[in-house]
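Structure first, then comments.
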Amino acid sequence: MAFSTKLPLVMLLASLFIHASLGEMVCEDLPKDVCAFSVASSGKRCLLETEKRSNGEIEYQCRTSEVVVERMAEYIETDQCVESCGVDRNSVGISSDAFFEPQFTGKLCSPACYQKCPNIVDLFFNLAAGEGVFLPALCEKQKTNPRRAMVELVSSGAAPGPVSEVAEIIASAPAPSPLM
């Protein structure tokens, strides 16, 4: 009887020991200068977040996001890829705003990044898809006509733009009456 009541405690301690001895990479344990663009042992992306202390100072903390990377875990992005792709390790959160900077898109689509930095490319591929943009097509257009690539990106609905006449008509239409 005494052994069966202690078994859960023994199992918990054993799992903690195994976790510590395996040396799993946990985002919250990473220093801020390598947090952004890293992937934890769980396969989830790490992201840098800010937190305001009680004294008013801003503190940076590495957190685990809910974004899962397929076929990659325990990965810290190289300085070479960070530079080649034009990203910043001090980026807070994950955002697609960088797509609207032609210099960034040019670096992301460059062979030094696009062909040699799969982690960063995967991240921005998924961010672009979330905005309705296919990254390989954007990069192809970026090579041949960077201005056209930006125009198409903005017109894809990825960025807020002028309200069209059709959108105004839809917005002014009366709402349907509730069904009874």
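The values are calculated or read from the model by the stated rules, or taken from the named source; none is laboratory data. Computed from a predicted structure; not experimentally measured. Don't worry about glycine lacking a Cβ; one is built from the backbone with ideal geometry, like all the others, and counts go over all protein chains shown. Surface areas here come from the heavy atoms of the whole protein model, side chains and all, with no ligands, DNA or RNA. Shrake-Rupley method; radii C 1.70, N 1.55, O 1.52, S 1.80 Å.
So, in region 99-115, exactly how many residues are open to solvent by less than 60 Å² (accessible area, probe 1.4 Å) and without any contact (Cβ under 8 Å) to a residue 24 or more places away in the chain?
The total comes to 1.
Could you tell me which numbered condition residue 113 fails, if it satisfies all but one of (1) out of contact with any Lys or Arg (no Cβ under 7 Å at 6 or more places or on another chain); (2) modelled with pLDDT of 95 or more; (3) not in a loop (DSSP other than H, G, I, E, B)?
Tallying (1) out of contact with any Lys or Arg (no Cβ under 7 Å at 6 or more places or on another chain); (2) modelled with pLDDT of 95 or more; (3) not in a loop (DSSP other than H, G, I, E, B), residue 113 fails exactly one: (1).
Please go through region 46-90 and pick out each residue that is closer than 22 Å to residue 129 by Cα, open to solvent by 40 Å² or more (accessible area, probe 1.4 Å) and of a type outside the set (A, V, I, L, M).
Of everything in region 46-90, those that are closer than 22 Å to residue 129 by Cα, open to solvent by 40 Å² or more (accessible area, probe 1.4 Å) and of a type outside the set (A, V, I, L, M) turn out to be 64, 66, 70, 71, 88.
Hey, among 154, 121, which residue is at pLDDT below 90, in a helix (DSSP H, G or I) and not polar (S, T, N, Q)? Give the steps one after another, and end with the answer.
Numbers: 121 fails: at pLDDT below 90.
Of 154, 121, the one residue that is at pLDDT below 90, in a helix (DSSP H, G or I) and not polar (S, T, N, Q) is 154.
Assess whether residue 131 counts as being of a type in the set (D, E, K, R) and under 11 Å from residue 86 (Cα atoms).
Numbers: of a type in the set (D, E, K, R): yes; under 11 Å from residue 86 (Cα atoms): no.
In short, no.
Restricting the search to region 58-100, which residues are of a type in the set (Ser, Thr, Tyr) and part of a helix (DSSP H, G or I)?
Initial filter on region 58-100 (of a type in the set (Ser, Thr, Tyr)): 60, 64-65, 75, 78, 84, 91, 95-96.
The answer is 84, and nothing else.
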